[in-house]
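One structure is given here, and the rest of the page talks about it.
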Amino acid sequence: VGGLLLSAIKDMEFDDVSEAIPAYLALIMMPLTYSIANGIAVGLIAYTLIKIFTGKFKELNIITVVLSALFVIRYLMISFYLLKNCIRKAQGNECSALKLFSYVIILLWLIWILLFWLLILLLTIELL
């Protein structure tokens, strides 16, 4: 599966940053979270956010936006659930350190990307 995913890199358009950054993030997040699904989700969320904040939102499909929103909700719910259970010192698989780490990294990345694009948006509005 990894070889098939890597073979698609040669077809990526690196000239358009709004296409290249989400693909790069998806590629990087797959090994960092040990999950192809998490990598695709992060890439999809980044793609949607970048298209919206760069003014290319007309290129988005409604299904892409809905899936991105569902992934954000999923990661928020999973992160808060895992944090709540680990704070209560619940025993079992749901408090696995590796699982908690991967979801917290995704949650922190989502918060960072939202704050970053909010800052860019505010700077753009101020410069206009």
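Distance between the pseudo-spin-label points of residue 59 and residue 101 (7 Å out from Cα toward the beta carbon): 3.5 nm. Take each peptide in 4-16, 47-59, count the other Cβ atoms within 10 Å of every residue, and average; sorted highest first, the result is 47-59, 4-16.
By a 1.4 Å probe calculation restricted to protein chains, residue 68 has an accessible surface near 10 Å², given to the nearest 10.
The values are calculated or read from the model by the stated rules, or taken from the named source; none is laboratory data. None of these values were measured; they are calculated from a predicted model. No Cβ is skipped: glycine too gets one built from the backbone with ideal geometry, and neighbour counts run over all protein chains shown. Quick note on the areas: whole protein, heavy atoms, side chains included, nothing else; ligands and nucleic acids left out. Shrake-Rupley method; radii C 1.70, N 1.55, O 1.52, S 1.80 Å.
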